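Let me begin by presenting the structure, written as structure tokens, before commenting on it.
The values are calculated or read from the model by the stated rules, or taken from the named source; none is laboratory data. Quantities reported herein were computed from a predicted structural model and do not represent experimental measurements. Using ideal geometry, Cβ is built from the backbone for each residue, glycine included, and neighbour counts are taken over all protein chains shown.
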């Protein structure tokens with residue numbers, strides 16, 4: 001978690017546990033995350049909420065093997081500006097996986113708008 005812009009790169013890691021690879025690249029202005037070639041097992045909410053920023057958030061989540069629930073969700077989220085997510089070529093086993101990526105929250109309208117296709 002950083003105040004301004006933050007970039008997190010997670011690659012070639014083996015995770016075992018909950019909430020691994022989650023909430024990376026957050027910032028009050030923006031946050032970017034590149035998450036690739038990771039193995040996450042028994043992970044709840046793993047590879048989730050990456051690239052979150054109050055203004056912008058960008059996330060690339062690709063070529064990961066994830067086993068668990070709620071994984072690869074909520075990436076590329078922005079509360080004011082925009083959020084772009086590239087979620088591709090992942091092997092995800094579990095419920096609620098690959099959802100709500102590239103979501104923009106329009107505070108003035110209080111509604112969600114999808115900016116990119118769901119994985």
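Evaluating residue 6 against the criteria (1) buried (at least 17 other Cβ atoms within 10 Å of the Cβ); (2) modelled with pLDDT under 90; (3) not in a strand (DSSP E or B) leaves one unmet condition, (3).
Residues in segment 101-119 that are in contact with a strand residue (DSSP E or B) (Cβ under 8 Å, 6 or more places away or on another chain), part of a loop (DSSP other than H, G, I, E, B) and at pLDDT below 85: 115, 116, 119. When residues in segment 16-35 are screened for being buried (at least 17 other Cβ atoms within 10 Å of the Cβ) and part of a strand (DSSP E or B), 7 of them pass.
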